[in-house]
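I have placed the structure first, in the form of structure tokens, so that the comments after it can refer back to it.
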Amino acid sequence: MARMPDTSLSIRISVRVIYLARLREAFGSTGETLALDDNNAPTVESIVRALRDRGGAWAHELAPDRAVRFAVNHRLAQRTQAVTDGDEVAIFPPVTGG
Amino acid sequence: MTVRVQTADFDIGAEIARLREGHRSVGAIASFIGTVRDVNDASTITGLTLEHYPGMTEAALEEIVAEARGRFDIRDALVIHRVGALAPGDQIVLVAVTSAHRGMAFDACEFIMDALKTRAPFWKKERLPDGERWVEARASDDEAARRW
């Protein structure tokens, strides 16, 4: 008989988060490793919400009306993009090169 | 080598000579150089520091050049972007494109710059006489990139 998956088991995934330019300075950090609950289908937005809940500069810089950009594994990404174990997620202001 | 991110300056003559070398079918070369201004938003600028995202920067530029190759009938393209501390008058970025005829070279050069301005992970921090400030992205750059 096939057994039903044990949905009570919480699987934690680990994501490397990188802060760049003005956000690195505002957060006083180049980056950190965050643990997320894989059962909640984590996305870039889940990370933003977790960081925003810290308050202070985190809540201010990541407020919904602020222009923030993201990259997952070195490719530009939307907030809705799913993240998985081992991903590198960069959070930064709109780019100003050239 | 299609894209380079470097602290060192570049010589447009030498770079274009290398890009053209051995390609006699090339009839047009379009280039763009961006330089550091000494004024921005009515403030005196004494210098710039350019930060980037190592690991992503080259990949983002390569992708933009690949997209330009797909959209325009060009022979070759080169992008050089400097990082680190720069002074007013310094060169920041070079885009050079070779093609058979001028139209494609002009268009591809402008497309690459517009895409770079909105998709390549570089950030400018300006030095002013009384401190520093991060440059804010311009809505006009988003509009320029949307044209394509």
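Which whole number gives the average count of other chain Cβ atoms within 10 Å of the Cβ atoms across peptide B:134-142?
Whole-number average of other-chain Cβ neighbours for B:134-142 is 4.
Highest mean first, what order results for A:90-96, B:86-92 on Cβ atoms within 10 Å?
A:90-96, B:86-92
Can you pull out the buried accessible area for chains B and A, both sides counted, probe 1.4 Å, rounded to the nearest 100 Å²?
1900 Å²
To the nearest 500 deg cm²/dmol, what mean residue ellipticity at 222 nm is calculated for the protein assembly as shown from DSSP H runs of n ≥ 4 alone, each contributing -39,500 (n - 2.57), summed and divided by the residues?
-8500 deg cm²/dmol
Residue by residue through the stretch B:12-19, what is 3J(HN,Hα) from phi via Karplus (6.51 cos²θ - 1.76 cosθ + 1.60, θ = phi - 60°)? Round to whole Hz and write x for glycine and proline.
4, x, 5, 5, 5, 4, 5, 5
Among B:ARG24, B:ARG133, B:ARG82, which one shows the biggest mean-square fluctuation in a GNM of chain B, springs joining Cα atoms closer than 10 Å?
Comparing B:ARG24, B:ARG133, B:ARG82 in a Gaussian network model of chain B, the most mobile one is B:ARG24.
Could you report the stretch B:27-107's accessible area per residue, 1.4 Å probe, as an integer in Å²?
Counting only protein heavy atoms, the per-residue value for the stretch B:27-107 is 43 Å².
Let me confirm one metric for peptide B:118-125, namely the mean number of other chain beta-carbon atoms within 10 Å of its residues' beta-carbons.
Across the residues of B:118-125, the mean count of other-chain Cβ atoms within 10 Å is 6.
Taking θ as phi - 60°, what are the ³J(HN,Hα) couplings along the stretch A:86-92 by the Karplus curve (6.51, -1.76, 1.60), each to the nearest whole Hz, with x for Gly and Pro?
In residue order, the calculated couplings are x, 5, 9, 10, 9, 10, 7 Hz.
At a threshold of 8 angstrom on Cα-Cα distance, excluding pairs fewer than six apart, so keeping six or more, what relative contact order does chain B reach in percent?
After rounding, I find 33 percent.
Averaged across B:51-59, how many Cβ atoms of other chains sit within 10 Å of each residue's Cβ atom?
For this peptide, the per-residue mean of nearby foreign Cβ atoms is 5.
For the stretch B:1-45 and the stretch B:68-95, what is the separation of their Cα centres, given in Å?
Each part reduced to its Cα centre gives a spacing of 5 Å.
Which whole-Hz ³J(HN,Hα) couplings does the stretch A:43-50 yield from phi under the Karplus relation 6.51 cos²θ - 1.76 cosθ + 1.60, θ = phi - 60°, glycine and proline marked x?
Listing the rounded values in order: 10, 4, 4, 4, 5, 4, 5, 4 Hz.
The values are calculated or read from the model by the stated rules, or taken from the named source; none is laboratory data. Quantities reported herein were computed from a predicted structural model and do not represent experimental measurements. Neighbour counts run over all protein chains shown; Cβ positions are idealised from the backbone, glycine included. We work out accessible area using only protein heavy atoms, side chains counted, and drop any ligands, DNA or RNA first. Shrake-Rupley method; radii C 1.70, N 1.55, O 1.52, S 1.80 Å.
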